[in-house]
Amino acid sequence: MHNTIDPSQRWLVTGATGQLGGHLVRRLLAATDPPRVFAWTGRKPAARIDGAECSHIDLTDVAAIGAAIDAARPTHILHVAAMTAVGDAFSNPELARRINVDATARIMAAAREIGARVAFSSTDMVFSGDAAPYRESDAVQPLSVYGRTKALAEEAVVSGGGLVLRIPLLYGLAADGRATTFANQLTALRGGGELKLFTDEFRTPLWVEDAARIMIALASSATTGVRHVAGPQRLSRAELVAAAAQAIGATHAKLLPISRLEIPAAEPRPADLSLDDALLRGERPDLGRTTFSVAARSFAAKIG
């Protein structure tokens, strides 16, 4: 967990209580000599995180965003806050645009004014799923409102000289122990509950702790533009959860394989969003990825 970061730096993490944001804050604070950490949370009043300076910031309020950045004057900004639920973005596209696009553009503008470095978490859902594995040079073609807002946000970050990290489906436990989709699946597995899982929807799942480690390392570098950060294995959702069941010894789990086409959806579900991250692996061979079997030993131990 321990890592070296210049203690004179000032790091701002948006979405600090989210799945990825929580691990980013935790890793920054676990540095040998921690920097000053500002944590923006979506909760009101702001969540309390020991060691971090927490604030509730409404991402639809661009004036508040600018004022908060000007007050904190961070050297580094890890922007991971977003409207991430695909269904919510479809139901309220205007709000999704304000949170995912307009807020990102305002963060970039404020960062340029003070010379802060920005690393932004994007998604594999900027692609259509018809031509995997995807490289950074492949044209985006999102099938959902959510994917389109993230693609637009990427443009704002790249044009402003920031770093875009396209991150796939994350798995693992939240830093604060709160329930996530994956944690809920583990609970269902242990209880012998029934889970319907797609056999024909593929991703390159990434352990959330790897995502945090790699994002901080790249934010600390001079890398700009777009980079893919993929897990080491291409897996369907059914394969991922079946591996989790085996890892935690859930021998009585009821896993029902289904097709993504069997469940009605307002927007198409991409078939294969696997990412090719050969570019980043070539540039930073020191930033390895953890295989699912190794990561599983960690979360299996934590849930007992």
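The values are calculated or read from the model by the stated rules, or taken from the named source; none is laboratory data. Here the structure is a predicted model, which means the values were calculated and not measured. We place every Cβ from the backbone using ideal geometry, glycine too, and count neighbours over all the protein chains shown.
Please tell me if THR204 is under 28 Å from VAL101 (Cβ atoms), buried (at least 16 other Cβ atoms within 10 Å of the Cβ), at pLDDT 95 or above and touching a His at 6+ places or on another chain (Cβ under 9 Å).
Values: under 28 Å from VAL101 (Cβ atoms): yes; buried (at least 16 other Cβ atoms within 10 Å of the Cβ): yes; at pLDDT 95 or above: yes; touching a His at 6+ places or on another chain (Cβ under 9 Å): yes.
So THR204 passes the test.
Residues checked against (1) of a type in the set (Gly, Ala, Ser); (2) surrounded by fewer than 17 Cβ atoms within 10 Å (Cβ to Cβ):
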residue: ARG213; (1), (2): no, no
residue: ILE216; (1), (2): no, no
residue: HIS228; (1), (2): no, no
residue: GLY231; (1), (2): yes, no
residue: GLU239; (1), (2): no, no
residue: GLY249; (1), (2): yes, yes
residue: LYS254; (1), (2): no, yes
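What residue, of ALA52, ALA63, ALA68, ALA47, is over 18 Å from ALA111 (Cα atoms) and touching a helix residue (DSSP H, G or I) at 6+ places or on another chain (Cβ under 9 Å)? Break it down into steps so the answer makes sense when it comes.
Numbers: ALA63 fails: over 18 Å from ALA111 (Cα atoms); ALA68 fails: over 18 Å from ALA111 (Cα atoms); ALA47 fails: touching a helix residue (DSSP H, G or I) at 6+ places or on another chain (Cβ under 9 Å).
None of the others qualify; the one that does is ALA52.
I'm trying to understand the selection: among the residues of segment 94-127, which are in contact with a Leu (Cβ under 6 Å, 6 or more places away or on another chain) and surrounded by fewer than 21 Cβ atoms within 10 Å (Cβ to Cβ)?
VAL101
So, of the residues in segment 92-129 that are charged (D, E, K, R), assigned to a helix (DSSP H, G or I) and over 15 Å from the mean Cα position of the chain (by Cα), which turns out to be farthest from ARG269 (Cα to Cα)? Full working, then the answer.
Going through segment 92-129, the residues charged (D, E, K, R) turn out to be 94, 97-98, 102, 106, 112-113, 117, 124.
Filter once more, so that each one left must be assigned to a helix (DSSP H, G or I): 94, 97-98, 102, 106, 112-113, 124.
Adding the requirement that they be over 15 Å from the mean Cα position of the chain (by Cα) leaves 94, 97-98, 102, 106, 112-113.
Numbers: GLU94: 21, ARG97: 20, ARG98: 24, ASP102: 25, ARG106: 30, ARG112: 36, GLU113: 39 Å.
The qualifying residue farthest from ARG269 (Cα to Cα) is GLU113.
Among the numbered criteria (1) assigned to a helix (DSSP H, G or I); (2) surrounded by fewer than 19 Cβ atoms within 10 Å (Cβ to Cβ), which single criterion is violated by GLN141?
Status for GLN141: all satisfied but (1).
Are there any strands (runs of 3 or more DSSP E) wholly within segment 1-82 with 2 or more residues that are of a type in the set (Phe, Trp, Tyr) and buried (at least 17 other Cβ atoms within 10 Å of the Cβ), and if so which?
Per the criteria, 36-41.
For ASP277, state whether it is among the charged types (D, E, K, R) and in contact with a helix residue (DSSP H, G or I) (Cβ under 9 Å, 6 or more places away or on another chain).
For ASP277, the condition - among the charged types (D, E, K, R) and in contact with a helix residue (DSSP H, G or I) (Cβ under 9 Å, 6 or more places away or on another chain) - is not met.
Considering each of VAL158, VAL164 in turn, give the residue that is touching a Ser or Thr at 6+ places or on another chain (Cβ under 9 Å), surrounded by 23 or more Cβ atoms within 10 Å (Cβ to Cβ) and in contact (Cβ under 8 Å) with a residue 24 or more places away in the chain. Full working, then the answer.
Details: VAL158 fails: surrounded by 23 or more Cβ atoms within 10 Å (Cβ to Cβ).
That would be VAL164, the only listed residue that is touching a Ser or Thr at 6+ places or on another chain (Cβ under 9 Å), surrounded by 23 or more Cβ atoms within 10 Å (Cβ to Cβ) and in contact (Cβ under 8 Å) with a residue 24 or more places away in the chain.
Being in contact with a strand residue (DSSP E or B) (Cβ under 9 Å, 6 or more places away or on another chain) and among the hydroxyl-bearing types (Ser, Thr, Tyr) is the filter; apply it to segment 80-123 and report the residue that is farthest from GLU155 (Cα to Cα).
So, considering only residues that are in contact with a strand residue (DSSP E or B) (Cβ under 9 Å, 6 or more places away or on another chain) and among the hydroxyl-bearing types (Ser, Thr, Tyr), the one farthest from GLU155 (Cα to Cα) is THR84.
Every residue in segment 167-181 that is without any contact (Cβ under 8 Å) to a residue 12 or more places away in the chain and surrounded by 20 or more Cβ atoms within 10 Å (Cβ to Cβ), please.
none
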